[in-house]
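Below is one structure, written out as structure tokens, with a few remarks after it.
The values are calculated or read from the model by the stated rules, or taken from the named source; none is laboratory data. Remember, predicted model here, so these are calculated numbers, not experimental data. Here Cβ is always computed from backbone atoms with ideal geometry, including for glycine, and neighbour counts include all displayed protein chains. Areas reflect the complete protein model, heavy atoms only, side chains present, ligands, DNA and RNA absent. Shrake-Rupley method; radii C 1.70, N 1.55, O 1.52, S 1.80 Å.
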Amino acid sequence: MFRIVNKTVLNPSVTRMEIEAPYIAGKALPGQFVIFRVDEQGERVPLTIADCDREQGTITLIFQIVGTSTMKLNALDAGDSILDLAGPLGLPTKLPEGARRVCVIGGGVGCAIAYPQAKALFRQGLTVDVIAGFRSKDIVILEDEFRANCTELILCTDDGSYGKKGFVTDALRERIESGVQYDCVIAIGPIPMMKFVCVVTKEFGIRTIVSLNPIMVDGTGMCGGCRVTVGGKTRYACVEGPDFDGHEVDFDELMRRNGVFREREAECRMLTQAQLEGGK
Ligand SMILES: Cc1cc2nc3c(=O)[nH]c(=O)nc-3n(C[C@H](O)[C@H](O)[C@H](O)COP(=O)(O)OP(=O)(O)OC[C@H]3O[C@@H](n4cnc5c(N)ncnc54)[C@H](O)[C@@H]3O)c2cc1C
Ligand code: FES
């Protein structure tokens, strides 16, 4: 069992949890993830290791409450425990050789995954600009954490209610056209966001790493659930990723595959909501 030591509500649909997991905390590197199961009936669900404290033996997860498993996880509090936590899984993020200036782009809850990347690169002494995009001011997360761990933070909202009005791709294009030269861009967020960041960076010939979120089951390369097409070849995101060269990824296929269970997920979500409300 893995004990939750801290729980913070970051916005109405995003929660941060610190969980006791000394083995994972001792080994985790930026870009890696865990797979958890809340209980015996639980699905196996991947979440990125947003932070870890090697001395305390804890890892931090930041998750959006979207369906059954994340609703069940969010129903727990500090002091409660979850059944399984496997990790660290996946390959750590690897920058192109010699990169000095990078732009880390996060969209929505993708900022939770972008944050450890920005923090690690900034602490290695690189110049790290962060572009963080949200739909509106009320769902902005991790602003202070990013500010403390990057050279410059550009916060954008789609509706202009906070920071710069517009999409992260607009802010990125503006910076590149103003003469800022990036050795690499790391983009993490909704699939359409990553796809269109790659359109911009391809135009300017900038290496781009994306962190993919296909449906995962075992997380060890055996079930094939997480397969994605990269450079025309089938790759397993759980063991060969989740980071890939964004200019080579078939984003449209990934989007189709992620939607395959939508109806069943919606049914389960309603059922879980009713169960959780019934248990209050
Ligand atoms: C490597 C990786 C890291 C991730 N890191 C984070 C993170 O740090 N924070 C965060 O909020 N989300 C993260 N996700 C997405 C997260 O796994 C899904 O939101 C979660 O699985 C939803 O499960 P659910 O039962 O709550 O929702 P469901 O209703 O079951 O599903 C909602 C949507 O989540 C996705 N999903 C469902 N089951 C899985 C699964 N087993 N594997 C992957 N995706 C699934 C599908 O796109 C689905 O349409 C990550 C995904 C991957 C692959
Ligand atoms: S999750 Fe099963 S092969 Fe990757």
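Data for the structure
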read-out	value
Matching entry among 189, 166 (being in the same structural domain as residue 128 (by TED's automatic domain parsing), more than 16 Å from ligand 1 (Cβ to nearest atom) and under 15 Å from residue 106 (Cα atoms))	166
Residue, farthest from the chain's Cα centre (by Cα), within region 19-61, restricted to residues that are of a type in the set (S, T, N, Q) and within 16 Å of ligand 2 (Cβ to nearest atom)	32
Looking only at region 244-260, and only at residues there that are within 13 Å of ligand 1 (Cβ to nearest atom) and in contact with a helix residue (DSSP H, G or I) (Cβ under 9 Å, 6 or more places away or on another chain), the one that is most open to solvent (accessible area, probe 1.4 Å)	255
Residue 215 modelled with pLDDT of 95 or more and touching a Cys at 6+ places or on another chain (Cβ under 9 Å)	no
Among the residues listed as 69, 81, the single one being open to solvent by 30 Å² or more (accessible area, probe 1.4 Å) and among the polar types (S, T, N, Q)	81
Scope region 206-231; condition open to solvent by 70 Å² or more (accessible area, probe 1.4 Å), in a loop (DSSP other than H, G, I, E, B) and in contact with an Asp or Glu (Cβ under 8 Å, 6 or more places away or on another chain); matching residues	none
Filter result (assigned to a loop (DSSP other than H, G, I, E, B) and of a type in the set (Ser, Thr, Tyr)) within region 75-98	93
Residue 187 being in contact with a strand residue (DSSP E or B) (Cβ under 6 Å, 6 or more places away or on another chain), among the small types (Gly, Ala, Ser) and assigned to a helix (DSSP H, G or I)	no
Tally, over region 256-280, of residues that are of a type in the set (Lys, Arg), in contact (Cβ under 8 Å) with a residue 40 or more places away in the chain and more than 16 Å from residue 45 (Cβ to Cβ)	1
Qualifying positions in region 27-49 - among the hydrophobic types (A, V, I, L, M, F, W, C) and either modelled with pLDDT under 90 or open to solvent by 40 Å² or more (accessible area, probe 1.4 Å) (or both)	29
Identity of the residue in region 106-162, more than 19 Å from the chain's Cα centre (by Cα) and part of a strand (DSSP E or B), that ends up surrounded by the fewest Cβ atoms within 10 Å (Cβ to Cβ)	152
